[in-house]
2 protein chains.
Amino acid sequence: MPAKTKRKEKETYSISELAKEFEISTRTIRYYEEIGLLSPKRTSGNQRVFTKRDKARLKLILRGKKLGFSLSEIKEMIEMYDLAGETEQIKLTLRYGEKKLKEIEEKIKELEMLREDLLAIREMLLNRLKELEGQK
Amino acid sequence: MPAKTKRKEKETYSISELAKEFEISTRTIRYYEEIGLLSPKRTSGNQRVFTKRDKARLKLILRGKKLGFSLSEIKEMIEMYDLAGETEQIKLTLRYGEKKLKEIEEKIKELEMLREDLLAIREMLLNRLKELEGQK
DNA sequence: AATGACATTAACGTAAACGTAAAATTTAAG
DNA sequence: CTTAAATTTTACGTTTACGTTAATGTCATT
């Protein structure tokens, strides 16, 4: 009797697999490695091998990008994931994290303001439409 | 008897006044005009004169930037402010506005997810700290 | 009219974030 | 083993969003 029904979850990915999945170029992925955002292992033949962890990290990078963070900012944030274990380091990281949290909450607030602006414009437009339709 | 106590509100601004107020360079402002984001009037001597409206617009541009929109995206959004008056145009603009609204709400959601991530990391770090401090 | 502060256009420079092409390897398939 | 598809590094190119002179012009004061 088969003990594990869990099908052999693919543990690793090639560069083009990730590129396809996230709809980015392989160049982009290599570039992220170049600037230290990713550090995939290599095969005996020197080809990149990405683990689940690498993939999760890439996802985080792309999310950061969508939100307007620069790659260097993203790098700083990502470094919170890889900690030595020194308590001092951890404390510093915590402080840094609080700062980033505030920035993010700031950003959320600003987006909400922008949303309000757009909603106001929408109202304006709807009224204008009514006027124009009314006097047709 | 003086009828109006309202002090002569300054209606216009020079390029450097705006630059100082928003903490950007004059070059940046000229660049925004160059790509059609601003269209200030000119003095007889050809110097730029910015109205309240121009100023409000600049503010919107800068807000968009802080949120990671590209200048061309911002340009699209800004065009919602200047409408012909044609009902068809207005309808199109409304549709476009709905789209932008959804994008913004998407962005807000993603930021909230990012915030959750960071909060989780913080928890992790706090636990780790406790362990380390405990076994000192 | 001359001085100094601020303004103008023109044009070249730059950093970030990739795109793209070339030449050489590696891997998978037959 | 051979071939095609995928990957590698190298290196120059491109776009966006301005920075940075340079050469002149304008404006308010003296």
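The values are calculated or read from the model by the stated rules, or taken from the named source; none is laboratory data. Note that the structure is predicted; figures quoted are calculated from it, not measured. With ideal geometry, Cβ positions are generated from the backbone for all residues, glycine too; neighbour counts draw on all protein chains shown. Side chains are part of the model used for accessible areas, which takes the heavy atoms of the whole protein and leaves out ligands, DNA and RNA. Shrake-Rupley method; radii C 1.70, N 1.55, O 1.52, S 1.80 Å.
Of note:
- Across the identical copies, the 7 Å label point of B:Leu62, projected outward along Cα→Cβ, sits 3.4 nm from its counterparts, in ascending order.
- Innermost chain B residue relative to the axis carrying B onto A, by Cβ distance in angstrom: B:Gly68, 1
- Inter-copy label distances for A:Ile35: 1.8 nm (label point placed 7 Å from Cα along Cα→Cβ; shortest first).
- A Förster radius of 41 Å combined with the Cβ-Cβ distance from B:Glu11 to A:Glu98 puts the calculated FRET efficiency at roughly 0.45.
- Total accessible area lost when B and A pair, probe 1.4 Å, Å² to nearest 100: 4300
- Here A:Tyr31 sits with roughly 90 square angstrom of accessible surface, probe radius 1.4 Å.
- Exercise: per-residue mean of other protein chain Cβ atoms within 10 Å, A:110-118: 6
- Nm distances between copies for B:Met113, ranked from closest, using label points 7 Å along Cα→Cβ: 2.6
- Carbon plus sulfur fraction of accessible area for the stretch B:11-68, probe 1.4 Å, in percent: 47
- Surface analysis of the stretch A:11-68 yields an accessible area of 60 Å² per residue, using protein heavy atoms and a 1.4 Å probe.
- Neighbouring Cβ atoms from other chains, within 10 Å of the Cβ of residues in A:61-71, number 3 on average.
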